[in-house]
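Input: a single structure, listed below in structure tokens.
Read-outs throughout are calculated quantities, based only on the coordinates presented, and are distinct from any laboratory measurement. Fair warning: this is a prediction, and the values are worked out from it, not measured in the lab. Please note: Cβ atoms are built from the backbone with ideal geometry, for glycine as well, and neighbour counts cover all protein chains shown.
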Amino acid sequence: MRVFALLFLVFLAGGASALDMSNRYRSPRNAERRVRGATELIVLHTTEAPARSSLNKLCERGEAHYCVTEDGTVYRIVDRDRVAFHAGRSMWNGKEDVDEFSIGIECVGYHDKAMGIVQIRAIRDLVKELQRMYRIPDERVVCHSHVAYGAPNRWQKKNHRGRKRCGMLFAMPSVRAQLNLARRPASDADVRAKRLVVGDDYLRRVLYGSVDTMKAAYATPAPETKGADGGNGLLAWLRRGANKPAAGKPDAGKVQITAKNPPDKKKLVPAPVAPVPPPQAPPKSIAELKSRGYTFKGSVTKGVTASKLAGGRWNSKDTYYTIRNKVIPGSEIDPAHIENGMGVWMK
């Protein structure tokens, strides 16, 4: 009877959602959104803003299907089978308007900062559940940067990949390992087909190259997968047998401590680990820019563009724009909003 009861629990775990979700920020626009015709992608975003303001905006405008906060809470915004306006100007393998065939998940945080393990686990579990529902392979779990593209402007004369770095960290191997995603997109099909050109080479190296700035933050192995998926969950326990130990000898490869073989006290003392300094907050004033060693390169005018002042680093996170007592990182600047009089600061 005990085995049958456990099998029944496995059945329930496979058929029902194992995630705790909240409807507190359900969008009032949900009912007016049409049912999506297909689901081919899961698109991961970063809010680039704190939880409360992000949730209010997402709810008001219906701009995502889910939002995952730092404490691991998953909020439903728009029904998962309806269209949510999360991708904006977007293209994937020649198909524009990615909203029409994707699910959007907003994650409270920033594209260049590590997220806590509680939040990562919640994102992982949500993604895995949606993958099972819609049969989406790992390489079709992408970040907003994979699909967003920019229209021609004064800096780039063609449609180009690199309009946003939103969700960029979710392309990095160390983060994908934490999400139990074994594969990622190998290359940009739209750039290969010359529908788009590369507008941000650093982003290209993150999405498809070896740049991974999160290695130090996620140096530990990926957290164990929950649920009945054959990994470390209930199903694996049943397959081993309820009263059998896991395969392998637990002490294999270890030196046995005996009276004849006492422990080496020197080896038992762990090496000191240097503390990792917390990430530095972006500068908020010209005085702070100067104190950190940034140099004023000039002001944007009709004859002097940001790209002339900063070159290829005009949209780098280490380039800053100042206007009306505001300091804006280059990684967050919208080309359409670069105006005359903006100061450009670089190291």
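Placing a pseudo-label 7 Å from each Cα along the Cα-to-Cβ vector at A182 and A336 gives an inter-label distance of 4.2 nm. The simple spin-label model puts a point 7 Å past each Cα toward its Cβ; for K308 and E70 those points are separated by 4.2 nm. Across the stretch 189-204, coupling constants 3J(HN,Hα) worked out from phi with the 6.51/-1.76/1.60 Karplus curve, θ = phi - 60°, read 5, 6, 6, 4, 7, 6, 6, 9, 10, 6, x, 8, 5, 4, 4, 4 Hz, and Gly and Pro carry x.
Spin-label pair K57-Y208: with each label point 7 Å from Cα along the Cα-Cβ axis, the two points sit 2.9 nm from one another.
Summary of packing: across the peptides 128-137, 29-38, the per-residue average of other C-beta atoms within 10 Å ranks them, highest first, as 128-137, 29-38. Pairs spanning more than 21 Å between alpha-carbon atoms, out of K95/K158; K113/K297; K95/K194: K113/K297.
For R36, the residues whose amide H sits under 5 Å from its own are R82, V83, ignoring neighbours fewer than 5 places away on the same chain, with H placed 1.01 Å from N.
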